[in-house]
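Read-outs throughout are calculated quantities, based only on the coordinates presented, and are distinct from any laboratory measurement. Everything quoted here is computed from the prediction, not taken from an experiment. Cβ atoms come from the backbone with ideal geometry, glycine included; neighbour counts cover every protein chain shown.
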Amino acid sequence: MELLRGFESFPVHRAIRAVGRTAVVTSYRFLAAAGIASVMLSSTGCYTYPARAASEVNPPALVSVDVTDAGRVGLSDQIGTEVKRIEGQVVQRSDSGLRLMVTEVSFLNGTSNKWQGQEVTIRPVDVKSLSQRTYSRQRTVLASLALGGLIALTVATKGFSNLFSGDSGSDGKGGGPPPEQ
């Protein structure tokens with residue numbers, strides 16, 4: 001029995017506690033990383049891009065326009081060759097086309113360029129498909145719930161951080177030798 005009494009200060013016990021602490025810290029870090037990733041993904045999820053007819057889109061709508069082959073040729077002097085998609089804000093809509101303040105241009109080779117709001121007029125013949133950015137209440141609620149859960153998880157794990165910190169005064173068990181009898 002005397003041999004077992006001093007077991008708390010034996011190096012194997014400390015090693016087991018250290019492995020346990022490492023596992024807990026690693027799992028908390030994994031949860032935090034997963035939480036950050038989910039927030040990043042959900043922050044873009046508050047909007048949808050349903051297809052619209054050009055006649056349904058009014059300023060200052062944010063739109064994404066897929067360009068036809070004829071549009072690539074017609075827009076080559078304004079934007080460049082091999083344009084696949086143009087994104088921007090509608091400045092004016094008329095029967096002759098849409099005037100957009102362009103924010104991004106995507107090309108057939110997979111590259112894209114950010115623009116600083118230069119205006120481009122897109123004719124109806126240039127438009128293969130058009131989608132408008134609209135607010136999605138359902139996705140916003142889901143994103144808010146995920147963010148709230150991450151905040152709650154962070155608060156909960158911060159509350160337990162001293163329990164596994166190795167500080168002998170914080171967990172109440174002490175780390176020194178057993179009391180003498």
Discussion item. With every atom except the alpha carbons ignored, what do you get for Rg and Dmax of the stretch 88-136, in angstroms?
Written reply: 11.7, 31
Practice prompt. Starting from 0 in steps of 10 Å, tell me what percent of the Cα-Cα pairs of the stretch 34-145 lands in each bin.
Written response: 14, 42, 28, 13, 2
Worksheet item: Once the other residues with Cβ under 13 Å from the Cβ of residue 54 are scored (Lys, Arg +1; Asp, Glu -1), what is the net sum?
Response: +1
